[in-house]
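Heads up: the structure comes next, in structure tokens.
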Amino acid sequence: MNALIATATTEGRAPVIVGQRLRRGGCGSPRGAARMVTDAVATVRRLHPRTPGGVLVRADSAFYGHKMVSAAIRAGVDVSVTARMTVKVKAAIAAIDERRWTPIEYTDAVYDEPCGRWLSRAEVAEVDFTAFTRLASERTPGRLVVRRIPDLREHTDGQGSLFDTWRFHAFFTTTDPAVLDTVAADKVHRGHAIIEQVHADLKNSALAHLPSGRFAANSAWLVLAVMAFNLTRAAATITGTRLARATTATIRRTLISVPARIASSARRLTLHLPRDWPWETEWNQLFTDTWRRKPQAT
């Protein structure tokens, strides 16, 4: 079985799942992606009709195809999709002038305050690029943003390299350069890897216990797993910023698995919570906002 997941992410908050679909067998990653993008964008707009800055669809190279990209564009949103290293993409990278490469903040970067720039071996550049040129009707203009880092892999033949060699990572985006310049677009695109955290979170919780050999039952279980994931995220967000980006396991440990004692007296239940509990403030905030709040009269 193969689960397709779409998430919505904002700055400073953990992602929530806005679309899921269980697919049979070892199907290709792009299967159903166009419909998923359309539905996910519609969900985001229904929940946040005035989303500041608009919506950006991010994806890895498995979804680099006209069908998915065109679905996003028809929905009125921009895309940022890792490009496959095709002959055309490699030719576009080779044509980039050396003077156009800009150092970026990366794992080994150091900021030079007097110069006001990053000293880094990772660099980015971009060129205008038209994707999917096989058919005239599929041609999609945009930008090819390329990040390069030194290739430090050892050569199997034992020979050193006379010149610097690079590893290239390219992605195609339709964003406006005035909104996201080359450096900003690269940083935003790298954030798409957050989906791997969602996958790991689901696999470490509900998806570790798929209940059946029947496809329909497992599809229903996936829906329930997503509901639990999102409700857990909502609970953590209510408590404040401390748990806003926590995983399900952390939220379960800090807000749900509370070592409390339940007492009953005069037909009333009393919950005795531990003293000096590290998450007392967050738990009280969640309790106040969910249990004590009275619904508005209608």
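The values are calculated or read from the model by the stated rules, or taken from the named source; none is laboratory data. This structure is a prediction, so every number in the text was calculated from the model and none was measured. No Cβ is skipped: glycine too gets one built from the backbone with ideal geometry, and neighbour counts run over all protein chains shown.
A quick yes/no check of all residues on (1) of a type outside the set (S, T, N, Q); (2) in contact with a Ser or Thr (Cβ under 7 Å, 6 or more places away or on another chain); (3) at pLDDT 90 or above; (4) exposed (fewer than 13 other Cβ atoms within 10 Å of the Cβ):
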residue	(1), (2), (3), (4)
R267	yes, no, no, yes
L271	yes, no, no, yes
P274	yes, no, no, yes
E282	yes, yes, yes, no
F287	yes, no, no, no
W291	yes, no, no, yes
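For every residue, the table says whether it meets (1) part of a helix (DSSP H, G or I); (2) within 22 Å of I194 (Cβ to Cβ).
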{"site": "A208", "(1), (2)": "yes, yes"}
{"site": "S212", "(1), (2)": "no, no"}
{"site": "A228", "(1), (2)": "yes, yes"}
{"site": "R233", "(1), (2)": "yes, yes"}
{"site": "G240", "(1), (2)": "no, yes"}
{"site": "A246", "(1), (2)": "no, yes"}
{"site": "V258", "(1), (2)": "no, no"}
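State which residue is farthest from the chain's Cα centre (by Cα) when the search covers only region 1-28 and only residues that are assigned to a loop (DSSP other than H, G, I, E, B) and closer than 23 Å to G76 by Cα.
Applying the first criterion (assigned to a loop (DSSP other than H, G, I, E, B)) to region 1-28 yields 1, 9-15, 24-28.
Keeping just the survivors that are closer than 23 Å to G76 by Cα gives 9-11, 15.
On the way: T9: 6, T10: 9, E11: 11, P15: 7 Å.
Checked region 1-28; the qualifying residue farthest from the chain's Cα centre (by Cα) is E11.
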**OP:** Report yes if some residue within region 30-53 is modelled with pLDDT of 90 or more, β-branched (V, I, T), surrounded by fewer than 18 Cβ atoms within 10 Å (Cβ to Cβ) and assigned to a loop (DSSP other than H, G, I, E, B); otherwise report no.
**Re:** no
Original post:
Any idea how many residues of region 36-76 are touching a helix residue (DSSP H, G or I) at 6+ places or on another chain (Cβ under 6 Å) and either under 20 Å from A3 (Cβ atoms) or of a type outside the set (A, V, I, L, M, F, W, C) (or both)?
Top reply: 9
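One line per residue, one yes/no per condition, for (1) acidic (D, E); (2) modelled with pLDDT under 95; (3) in contact with a strand residue (DSSP E or B) (Cβ under 8 Å, 6 or more places away or on another chain):
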residue: E98; (1), (2), (3): yes, yes, no
residue: L119; (1), (2), (3): no, yes, yes
residue: V127; (1), (2), (3): no, no, yes
residue: T133; (1), (2), (3): no, yes, no
residue: D151; (1), (2), (3): yes, yes, yes
Subject >> Selection count, region 1-43, where residues are of a type in the set (S, T, N, Q) and under 19 Å from A208 (Cα atoms) >> reply: 2
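Before we move on, is A263 of a type outside the set (D, E), touching a His at 6+ places or on another chain (Cβ under 8 Å) and either surrounded by 17 or more Cβ atoms within 10 Å (Cβ to Cβ) or at pLDDT 90 or above (or both)? Steps first, answer last, please.
Details: of a type outside the set (D, E): yes; touching a His at 6+ places or on another chain (Cβ under 8 Å): yes; either surrounded by 17 or more Cβ atoms within 10 Å (Cβ to Cβ) or at pLDDT 90 or above (or both): yes.
So A263 passes the test.
Per-residue answers, yes or no, for (1) closer than 26 Å to A59 by Cβ; (2) in contact with a Leu (Cβ under 9 Å, 6 or more places away or on another chain); (3) among the basic types (K, R):
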residue	(1), (2), (3)
L207	yes, yes, no
N230	yes, no, no
T239	no, yes, no
L243	no, yes, no
L255	no, yes, no
T281	no, no, no
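Take L180 and tell me if it is in contact with a Ser or Thr (Cβ under 9 Å, 6 or more places away or on another chain) and at pLDDT 90 or above.
Values: in contact with a Ser or Thr (Cβ under 9 Å, 6 or more places away or on another chain): yes; at pLDDT 90 or above: yes.
In short, yes.
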**OP:** Identify the single condition in (1) in a loop (DSSP other than H, G, I, E, B); (2) more than 16 Å from V124 (Cβ to Cβ); (3) among the hydrophobic types (A, V, I, L, M, F, W, C) that L180 does not satisfy, given that it satisfies every other one.
**Re:** (2)
